[in-house]
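The values are calculated or read from the model by the stated rules, or taken from the named source; none is laboratory data. Just so we're clear, the structure is a prediction, and the values are computed from it rather than from any experiment. All Cβ positions, even for glycine, are placed from backbone atoms using ideal geometry, and neighbour counts span all protein chains on display. To get the accessible areas, we keep the full protein, side chains included, count just its heavy atoms, and leave off ligands, DNA and RNA. Shrake-Rupley method; radii C 1.70, N 1.55, O 1.52, S 1.80 Å.
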Amino acid sequence: LIHVYGTERPFGLLAGKTSTPVAIDMQGLLIEVQRAYFGRLRWHERLRVGLLYGYLDIRARAALESVALRQCRYFLGRTLWDRSHQAELAPSGAYFAVHRLLRPEFAQAEWRSGAVQHYTIYTTTSCVPYKALDVAIEAVRILKARYPGVHLRVAGTIPAHGYGGYLRRQVERWGLHSHVTFLARLSGAEIACELGRAHAFVLTSFIENSPNALAEA
C-alpha cells in the first residue's frame, strides 16, 4: 500500500502509474483553495506583494490534483468535507473514515483559566493570504481601543517580503508592535505551551477543512 498524505503535491498521480494500491489521505483541497487564494486583498495589493505567481502555481497543482483524484481508488478522511468532496470528485472510489493522531504534547497539556495571560490570542498559520492573518491583525487594531492589553502571538514563518512584508507593514502602520508578536516556527512542546497560556485561539482562514492547528487547540 502507498499512503499519500494530501493532494497538495503530485504524489497522488502514482495511482495511475502503479499496480500497488494507493490511498490518498484527504486534506485541504487545492481545487477549493484557489477560489479563496487572495483572501480579501484587492487587485493592486495582490500585484504589489507578488501573489500572482503563487496563485498560478496553485491553479497548476489543482489541475494535477483533479487527475490524481480521478485515478485513485482509495481515500481516507475524517470529516464531512472529505466525504462529500470524494463523492463528487472521485465517485467510484472507496472511502474509509479514520481518526486523527496528535503528537503526545497536546494530549498531555491542559488549559486552566487561572493560568492564562489575559487578552492574549494565539494562532498558528502559513504565510498565504487565504489564511487571513491580515484579518486577525486588523481585529487586534480594533480590539486594542477597548482592551489595551490585547496581544496576538503568531506561530509560523512570516518573511519580510511578499505577503509577509504586507503583514509586517500592517503592524507598523497601525502601531501594533507591542500587540503583535511573530514567533517563527515552534516545536510541538512550544505550541502546547503557547496554547496553555493563551486566553483564546483564533483560526481566521477563508477556507479550511479540519486543520491540525485547530485540533491541537
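Brief remarks on what is shown
- Label separation (residue 145 vs residue 98): 4.8 nm, computed from points 7 Å beyond Cα along the C-beta direction.
- Largest-first ordering by accessible area, 1.4 Å probe, given options 43, 81: 43, 81
- Directionally averaged projected area (the range 1-54, Cα convex hull): 4.6 nm².
- In degrees, nearest ten, helix 80-89 long axis to first principal axis of the chain (Cα): 40 degrees
- Neighbourhood charge, 11 Å Cβ-Cβ cut-off, centred on residue 61 and excluding it, Lys, Arg +1 and Asp, Glu -1: -1
- A 1.4 Å probe run over the range 18-138, with the rest of the protein chains in place, finds 56 Å² accessible per residue.
- Against the chain, whose longest principal axis comes from its Cα atoms, helix 133-143 is set at around 30 degrees.
- Potential lengthening between residue 169 and residue 55 on full extension [0.36 nm per residue; Cα-Cα distance subtracted]: 38.9 nm
- Degrees, to the nearest 10: 162-173 long Cα axis against longest axis of the chain: 20 degrees
- Expressed as a whole percent, the accessible area of the chain that falls on carbon and sulfur atoms is 55 (1.4 Å probe).
- In this structure, residue 112 and residue 5 have a Cβ-Cβ separation that, at R0 = 41 Å, corresponds to a calculated FRET efficiency of about 0.75.
- Cα→Cβ-extended label distance, 7 Å offset, between residue 70 and residue 138, nm: 3.8 nm
- Given the chain, longest segment not containing exposed loop trypsin sites (Lys or Arg not before Pro) (DSSP; at most 14 other Cβ within 10 Å): 147-184
- Label-point separation, residue 48 to residue 19 (7 Å along Cα→Cβ), nm: 5.9 nm
- For the range 1-123, the Kirkwood hydrodynamic radius comes to 17.1 Å, computed from all pairs of different C-alpha atoms.
- Projecting the Cα positions of 43, 207, 111 onto the charge dipole of the chain (unit charges on Cβ atoms of Lys, Arg, Asp and Glu, taken about the Cα centre) puts 43 furthest along the positive direction.
- Globularity index of the range 134-193, i.e. its alpha-carbon radius of gyration over 2.2 N^0.38 Å: 1.16
- Once the Cα gyration tensor of the range 105-217 is diagonalised, semi-axes √(5λ) in Å: 22, 18, 12
- Summarised in one figure, the compactness ratio Rg/Rh of the range 168-213, Cα atoms and Kirkwood Rh, is 1.01.
- In the chain the Cα-Cα distances spread across 5 Å bins starting at 0 as 1, 7, 13, 15, 16, 15, 13, 10, 6, 3, 1, 0, 0 percent of all pairs.
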